[in-house]
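FYI, it's all coordinate maths here, none of it is from the lab. Quantities reported herein were computed from a predicted structural model and do not represent experimental measurements. Backbone-built Cβ (ideal geometry, glycine too); neighbour counts: all protein chains shown.
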Amino acid sequence: MSRYRIQAVARLSGVTSATLRAWERRYGLPEPERGENGYRLYSEVDLARVQRMVALIEAGHAPSDAARLARTEPVVTAEAPIYDPAEAVRDALLSAVRGMDAEGARLAIHRALTLGPAWRIHEEVFVPVLATIGEAWAAGTLTVGHEHFASEAIGGALRDLLRLMDPPSGARTLLLACVDEEQHSLPLLGVALMGAHAGWRPVLLGARTPPQALAAAATQLKPDAVALSATIHRPGLAWGDYAKAVGRTPWIAGGRAARTDRAALESLGAVVGDYARTLQSFLAGLTPRAVAR
Ligand code: B12
């Protein structure tokens with residue numbers, strides 16, 4: 001590991017040698033070793049912590065707080081490879097899928113659950129893993145069996161996350177469905193998570209929902225908004241029947257097939273969402289008063 005003399009640390013951090021010695025005395029940071037001749041020798045980690053402390057002070061922290069934070073935060077130095085926890089979990093989940101290793105998938109998903117809010121876990125782990133699996137399937141290196149295996153594991157985790165996200169009392173209802181013949185229900189679960197995160201109460205009809213079933217559910221539930229997902233493009237899909245089914249309720253359609261049919265959908269009054277995140281701006285634009293019943 002590199003060893004810097006105090007002048008070098010002063011030059012690289014912009015902190016004078018006197019201040020470095022004072023910080024060491026007062027806050028125990030940095031923690032240089034002593035060379036044979038008694039000179040202070042600083043490591044990469046010491047340097048990174050001093051630089052971090054400077055940044056924290058510039059951001060308004062008192063030096064004592066900055067020292068405490070700089071000491072407890074993980075240190076990224078030029079020597080330490082940057083560890084990306086989401087990447088590690090993606091790798092673990094993909095290798096479990098390749099090996100059809102149920103225990104490995106369960107463990108990887110448990111690790112994923114530590115990475116932040118549900119929508120971020122979905123965006124940073126599940127969506128990229130599913131996209132890689134889709135590419136591997138198209139390239140012939142993974143089978144439909146692997147796709148099913150991954151869908152079970154990830155779908156289960158998404159459902160668990162949704163169950164844990166208790167909507168606030170008085171939450172508005174978001175009715176979600178996949179269009180007729182559409183088996184790709186995982187994208188819909190991701191969209192439901194986004195809705196729950198925005199404080200809405202998602203009600204899922206799931207895969208293969210014909211327009212009549214949507215109409216019946218909309219009549220019964222009187223949702224405040226409807227979200228539809230379509231992945232496989234079907235040229236004859238009766239979007240007009242879905243428009244009738246939702247009536248005057250605001251609706252959004254997403255998924256790669258909805259994007260293909262964007263013009264038709266927009267002419268029917270739908271908003272077309274490119275990403276699950278689009279749902280949030282769509283919902284944010286719906287004030288309770290604007291909701292038509
Ligand atoms: C898992 C999977 C399956 C599972 C589905 C299980 C389930 N319960 O969902 C199973 C095994 C059943 C399946 C079947 C098939 N699949 Co498939 N599948 C996939 C895979 C690997 C992942 C799908 C997924 O969940 N992606 C993650 C989601 C979250 O991402 P997304 O779909 O891109 O959605 C994003 C946006 O579009 C948006 N979005 C989606 N919906 C909505 C809705 C709203 C309202 C909003 C706002 C946004 C929004 O949000 C998402 C995140 O930003 C994809 C690969 C891929 N790249 O997606 C292939 C893929 C979709 N499948 C494909 C194919 C061809 C099929 C099959 C025809 C053949 C097969 N592989 O078995 C059948 C057809 C089934 C049918 N009739 O519907 C192709 C589709 C190609 C095409 N024509 O466009 C893909 C792309 C694989 C590939 N690389 O070729 N599949």
Whole-Hz ³J(HN,Hα) for each residue in the stretch 227-240, computed from phi via Karplus 6.51 cos²θ - 1.76 cosθ + 1.60 with θ = phi - 60°, x for glycine and proline: what do you get? 10, 10, 10, 9, 9, 7, 6, 10, x, x, 4, 7, 4, x
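Please state the relative contact order of the chain as a whole percent: Cα pairs under 8 Å, 6+ residues apart? Provide the component values of the computation, followed by the final result.
Values: 405 pairs, mean separation 30.8, N = 293.
Contact order relative to length: 11 percent.
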I want to verify a result. In a Gaussian network model of the chain, Cα cutoff 10 Å, which of these has the top mean-square fluctuation: Pro235, Pro30, Pro117? Pro30
I need the GluC sites (Glu not before Pro) found in the stretch 127-223, filtered to DSSP loop residues with at most 15 other beta carbons within 10 Å of theirs. Glu181
Tell me the net charge near Arg49. Cut-off is 13 Å between Cβ atoms, Arg49 excluded, with +1 for each Lys or Arg and -1 for each Asp or Glu. -2
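Which number comes out as Rg/Rh for the stretch 42-149 once both Rg and the Kirkwood Rh are worked out on C-alpha atoms?
1.18
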Per the charge dipole of the chain (beta-carbon charges, Lys/Arg positive, Asp/Glu negative, Cα centre), the residue among Gly206, Ser64, Gly254 reaching farthest to the positive end is Ser64
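Report the chymotrypsin sites (Phe, Trp or Tyr not before Pro) located in the stretch 47-148 that are in a DSSP loop and have at most 11 other Cβ atoms inside 10 Å of their Cβ, or state none.
Passing sites in the stretch 47-148 are Tyr83.
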Do the sum for the chain: with -39,500 (n - 2.57) for every DSSP H run of n ≥ 4, divided by all residues, what is the mean residue ellipticity at 222 nm, to the nearest 500 deg cm²/dmol? -15500 deg cm²/dmol
Would you mind computing Rg(Cα) / (2.2 N^0.38 Å) for the chain, counting N as its residues? 1.38
Can you give me the long-range amide H partners of Val203? Hydrogens built in the peptide plane at 1.01 Å from N, cutoff under 5 Å, separation of 5 or more residues or another chain. Leu174, Leu175, Leu176
Would you please give the residues with an amide H less than 5 Å from that of Tyr4, counting only those at least 5 places away or on a separate chain, with H modeled from the backbone geometry? Tyr42, Ser43
Using θ = phi - 60° and the Karplus relation 6.51 cos²θ - 1.76 cosθ + 1.60, list the HN-Hα couplings for the stretch 122-127 in order, rounded to whole Hz, with x at every Gly or Pro. 4, 5, 8, 10, 5, 4
Can you tell me the Rg and Dmax of the stretch 6-72, counting just the alpha carbons, in angstroms? 11.2, 38
Charge dipole (debye, nearest 20) of the chain; +1 at Cβ of Lys and Arg, -1 at Cβ of Asp and Glu: 920
The stretch 257-283 to the stretch 1-30: how many Å between their Cα centroids? 55
So how far, in whole Å, is the C-alpha centre of the stretch 102-128 from the one of the stretch 162-221? 21
Between Thr114 and Gln212, what length in nm is gained on full extension when 0.36 nm per residue of separation is reduced by their alpha carbon distance? 31.2 nm
Explain nothing, just compute: Karplus ³J(HN,Hα) = 6.51 cos²θ - 1.76 cosθ + 1.60, θ = phi - 60°, for every residue of the stretch 83-98 in order, whole Hz, x for Gly and Pro. 9, 10, x, 5, 5, 4, 5, 4, 4, 5, 5, 5, 6, 5, 5, 4
